[in-house]
Amino acid sequence: MLVLGGLGAAAVATSRATRIDASSLCATTGPSAVTVVLIDATDSISSVQRTAIINRLNKIDRQLKANERLAVFEISPGTNPLTPAFSMCRPAAAAETSALTGNKKLASQKYDGTFKPAVAATLSSLLNKAPAAGSPIMEAIQAASVSTLQASDLPDEAPRRLVVVSDMLENGPAGSQYGSLPDFDDYKASPQFARATSDLTDVDVIVLYLRRDAGASVQGINHIDFWARWFAAQGASDFKAIPVEG
């Protein structure tokens, strides 16, 4: 009776296992959370900066739990801002998979053989791009918000996080911050602000702040404060700027 009971319990557990979409590795019911990473490589990134960025992004990657979506976008005037370079849910690792109701070998193939290498390849590619003529940061944030942070398969209560790797020197249709930084209240009343508005309600924002010699007259505490106010005006629940070494 004990053996039959155990087999019966296993059968019930297996039948209730969450179905996983083969391409996105997300549960068919949707991801449980989302982290969006925007990488601005429109100016050159030094080897020290590149290493520091990868280390910090790897820490964020390790914080992901099974079925949390990671989407990585490139900030560039030459790409479709609505299409991520990478988007996949973090699969359960072998250590998180039950030998009774799951398949540890398959879990390892998905996590170690598919997810981790794909993340590493995407980051390496985007951090080694050639410089571009513009840096439409606000537009990229808006597009990522619409396509991923507000995705229809994401439950309303799902945690949302936005990580922006950038010098935050806006240079696109929303204006240019090269040379001078506008007063935020004046900018907020402008048509450029209205066009680049994003819905970042309940989104935690982390900026990995890259220093640029060309932006030395603009970057610093006032520049960070401008962006803190900009993100707050979009509804972000938290904002943190972390200087990147190099």
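State which residue is farthest from the chain's Cα centre (by Cα) when the search covers only segment 130-154 and only residues that are in a loop (DSSP other than H, G, I, E, B) and closer than 18 Å to Asp40 by Cβ.
Ala133
For the residues Phe115, Phe86, the requirement of being crowded, with 19+ Cβ neighbours inside 10 Å and under 21 Å from the mean Cα position of the chain (by Cα) singles out Phe115. Considering every residue within segment 167-184, establish whether at least one is among the hydrophobic types (A, V, I, L, M, F, W, C) and open to solvent by 20 Å² or more (accessible area, probe 1.4 Å). Yes - at least one qualifying residue is present in segment 167-184. Consider segment 89-104 and keep the residues that are of a type in the set (A, V, I, L, M, F, W, C) and more than 15 Å from the chain's Cα centre (by Cα). The one that is surrounded by the most Cβ atoms within 10 Å (Cβ to Cβ) is Ala92.
Within the set Arg62, Arg56, Arg50, the sole residue that is part of a helix (DSSP H, G or I), within 14 Å of Val207 (Cα to Cα) and not hydrophobic (A, V, I, L, M, F, W, C) turns out to be Arg56. Output yes when any residue across segment 159-166 is part of a loop (DSSP other than H, G, I, E, B), open to solvent by less than 10 Å² (accessible area, probe 1.4 Å) and among the aliphatic types (A, V, I, L, M), and no when none is. For segment 159-166, residues part of a loop (DSSP other than H, G, I, E, B), open to solvent by less than 10 Å² (accessible area, probe 1.4 Å) and among the aliphatic types (A, V, I, L, M): absent.
Residue count for segment 103-124 under the criterion of being farther than 20 Å from Leu162 by Cβ and in contact with a strand residue (DSSP E or B) (Cβ under 9 Å, 6 or more places away or on another chain): the result is 5. Among all residue pairs at least 6 apart or on different chains, which show Cβ distances below 9 Å where the first residue, located in segment 192-209, is basic (Lys, Arg) and the second is open to solvent by less than 10 Å² (accessible area, probe 1.4 Å)? Sorted first by the residue in segment 192-209, then by its partner, the pairs are Arg195/Met138; Arg195/Ala174. Annotation note: Cβ proximity below 8 Å between a residue of segment 231-246 that is surrounded by fewer than 19 Cβ atoms within 10 Å (Cβ to Cβ) and β-branched (Val, Ile, Thr) and a residue that is outside any strand (DSSP E or B) and at pLDDT 95 or above (sequence gap 6+ or interchain) occurs for Ile242/Arg56.
Each row is one residue, and each column tells you yes or no for (1) modelled with pLDDT of 95 or more; (2) out of contact with any Phe, Trp or Tyr (no Cβ under 8 Å at 6 or more places or on another chain); (3) surrounded by 15 or more Cβ atoms within 10 Å (Cβ to Cβ).
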{"site": "Ala9", "(1), (2), (3)": "no, yes, no"}
{"site": "Val12", "(1), (2), (3)": "no, yes, no"}
{"site": "Ala27", "(1), (2), (3)": "yes, yes, yes"}
{"site": "Val34", "(1), (2), (3)": "yes, yes, yes"}
{"site": "Asp43", "(1), (2), (3)": "no, yes, yes"}
{"site": "Asn67", "(1), (2), (3)": "yes, yes, yes"}
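The set of residues in segment 189-204 being under 12 Å from Ala233 (Cβ atoms) and open to solvent by 80 Å² or more (accessible area, probe 1.4 Å) consists of Ala189 alone. When residues in segment 213-230 are screened for being open to solvent by less than 50 Å² (accessible area, probe 1.4 Å) and among the hydrophobic types (A, V, I, L, M, F, W, C), 6 of them pass.
Every listed requirement among (1) open to solvent by 50 Å² or more (accessible area, probe 1.4 Å); (2) over 24 Å from Leu126 (Cβ atoms); (3) modelled with pLDDT under 95 is met by Ala107 save one, (1).
The set of residues in segment 118-136 being open to solvent by 60 Å² or more (accessible area, probe 1.4 Å) and in contact with an Asp or Glu (Cβ under 8 Å, 6 or more places away or on another chain) consists of Lys129, Pro131. Just so you know, in segment 69-83 the residues that are surrounded by 16 or more Cβ atoms within 10 Å (Cβ to Cβ) and aliphatic (A, V, I, L, M) include one that is farthest from the chain's Cα centre (by Cα), and it is Ile75.
Restricted to segment 216-233, and to residues there that are assigned to a helix (DSSP H, G or I) and among the β-branched types (Val, Ile, Thr), the residue that is nearest to Ala196 (Cα to Cα) is Ile224.
The values are calculated or read from the model by the stated rules, or taken from the named source; none is laboratory data. These figures come from a predicted structure and were not determined experimentally. Neighbour counts are summed over all protein chains in view; Cβ atoms, including those assigned to glycine, are modelled from backbone coordinates with ideal geometry. The accessibility values were calculated without ligands, DNA or RNA, using every heavy atom of the protein model including side chains. Shrake-Rupley method; radii C 1.70, N 1.55, O 1.52, S 1.80 Å.
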